[in-house]
Amino acid sequence: MQVHDKRLDIVTSVATFKKQKKTIGFVPTMGALHQGHLALVEQAFKENEVVVVSIFVNPTQFNASEDLVNYPRTLESDVQLLSELSKDIIVFAPTAQEVYGDRTESTTYNFNGLENEMEGKFRPGHFDGVGTVLKHLFTIVSPTRAYFGEKDFQQLQIVKKLVEIEKMSVKIVGCPIYRKESGLALSSRNKRLNDSQLNASPLIYKTLKQVKKDFGIKSANTLNKWVSEQFANHPELELEYFEIAKVSDLKSIKRKQKNTKYRAFIAVFAGKIRLIDNIALN
Ligand code: PAF
């Protein structure tokens, strides 16, 4: 399996395949790989001849330095997991210097307001960091298609906007959320949950499923209140936000309209660990 940490090496490797007119599937990750990432890699293999996985904990997208320091870094076991899936995967695990050069800074983007909703409100600058690193990574890897999980649905919409703004030719593919049997959406941050947080965590998806069930018969306002009640005084979980939003612009709604697609979004703290999830409502 090829594992590269130098920009020049991955560029050269990909160029060889491009010369042979092979399609390149790309799965950008921050490592601490789990089944959800592997599902993205499998999808990329189905649709492309070559698959590149990047493993890079991107400093510019963390607004809390504590989260950046504590973010799990497990490169050796990540590479092992990928090699068990296929020896043909090309891994790119660069340093910040290789990605950013001498200035590890983000560009300020206007994603048509998508960046100001939900995650954007609670994590200022986060989507500038995501946009900037992906612009660099797409330039380095020049993929045919890039794969993103719907757990970060807002990120997925923003990445689609990014390639439009930057006029990049990569096709962005969204993939379904991968869940544990308990319903907890897989996330690298789950590794930091203790037993009682883990036991409490299924409430997040359970709540979303109930919202979906009730969406046809209850108002957005009633559902918002009901969700707050589910987490009020909870010993392990603290609700940061719950919103029912339009898929098109991610703006939260007070009232439902006909012929409009909606999703419910939630962010919850388990101690210091922040968990997000979402569900399509119609
Ligand atoms: O979703 C992630 O893991 C990150 O935001 C991404 C897309 C790899 C960019 O650093």
If one compares the long axis through the Cα atoms of helix 75-85 with the longest principal axis of the Cα atoms of the chain, the angle in degrees, nearest 10, works out at 80
What size of dipole, in debye to the nearest 20, comes out for segment 110-175 about its Cα centre when the only charges are +1 on Lys and Arg C-beta atoms and -1 on Asp and Glu C-beta atoms?
180
Take the chain, drop everything but the C-alpha atoms, weight them equally and run the Debye formula without solvent; then report log10 I(q)/I(0) at 0.08, 0.14, 0.16 Å⁻¹ to two decimals.
-0.35, -1.05, -1.34
Would you please put 32-40, 227-235, 72-80 in order of how densely packed they are, using the mean number of other Cβ atoms within 10 angstrom per residue and starting with the highest?
32-40, 72-80, 227-235
What is the diffusion coefficient of segment 26-141 in µm²/s, taking the Kirkwood radius over Cα pairs and the Stokes-Einstein relation at 25 °C with a viscosity of 0.890 mPa s?
161
Give the residue list of chymotrypsin sites (Phe, Trp or Tyr not before Pro) in segment 118-220 that are DSSP loop and have at most 14 other beta-carbon atoms within 10 angstrom.
none
Estimated D of segment 153-195 in µm² per second, where Rh is the Kirkwood radius over Cα pairs and Stokes-Einstein applies at 25 °C, 0.890 mPa s:
192
Under 5 Å from the placed amide H of Ser182, counting only residues 5+ away or on other chains, we find none
Per 5 angstrom bin, beginning at 0 and ending with the bin that holds the maximum distance, the Cα pairs of segment 228-268 fall in percents of 6, 22, 26, 16, 13, 11, 5, 1
Please compute the modelled spin-label separation between Lys18 and Asn199, points set 7 Å along Cα→Cβ, answer in nm with one decimal.
5.3
Please give me the summed charge of the neighbours of Leu82: other residues whose Cβ is under 13 Å from its Cβ, Lys and Arg +1, Asp and Glu -1.
-4
Surface accessible to a 1.4 Å probe, per residue, for the residues of segment 10-66, Å²
40
If you put +1 on each Lys and Arg Cβ and -1 on each Asp and Glu Cβ, how big is the dipole of the chain around its Cα centre, in Debye rounded to 20?
1160
Per DSSP H run of at least 4 residues, take -39500 (n - 2.57); add these up for the chain, divide by its residues and hand me the 222 nm value, nearest 500 deg cm²/dmol.
-12000 deg cm²/dmol
Return the equivalent ellipsoid semi-axes of segment 82-152 as a descending list in whole Å, where each equals the square root of 5 times an eigenvalue of the C-alpha gyration tensor.
26, 17, 11
Using only the Cα atoms of segment 166-282, what are the Rg and Dmax in Å?
15.4, 48
Any idea what the relative contact order of segment 88-174 is, in percent, if you count C-alpha pairs under 8 Å spaced at least 6 apart?
28
I need the per residue convex hull volume for segment 3-47, using only the alpha carbons, in cubic angstrom as a whole number.
77
Taking each pair of different alpha-carbon atoms in segment 4-84 once, compute 1/r for the pair, average those values, and report the inverse of that mean as the Kirkwood hydrodynamic radius in Å to one decimal.
14.1
Mind listing which trypsin sites (Lys or Arg not before Pro) in segment 1-65 are in a DSSP loop and have 15 or fewer other Cβ atoms within 10 Å?
Lys6, Lys21, Lys22
Diffing segment 180-193: the Karplus 3J(HN,Hα) column from phi (6.51, -1.76, 1.60, θ = phi - 60°), in whole Hz with x for Gly and Pro, holds 6, 4, 5, x, 4, 5, 5, 7, 4, 5, 4, 4, 8, 6
If one computes the Cα centroid of segment 129-143 and of segment 172-239, what distance in Å separates the two points?
31
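The values are calculated or read from the model by the stated rules, or taken from the named source; none is laboratory data. The structure displayed is predicted, hence computed values, not measured ones. Please note: Cβ atoms are built from the backbone with ideal geometry, for glycine as well, and neighbour counts cover all protein chains shown. All accessible areas refer to the heavy atoms of the entire protein, side chains included, with ligands and DNA or RNA removed. Shrake-Rupley method; radii C 1.70, N 1.55, O 1.52, S 1.80 Å.
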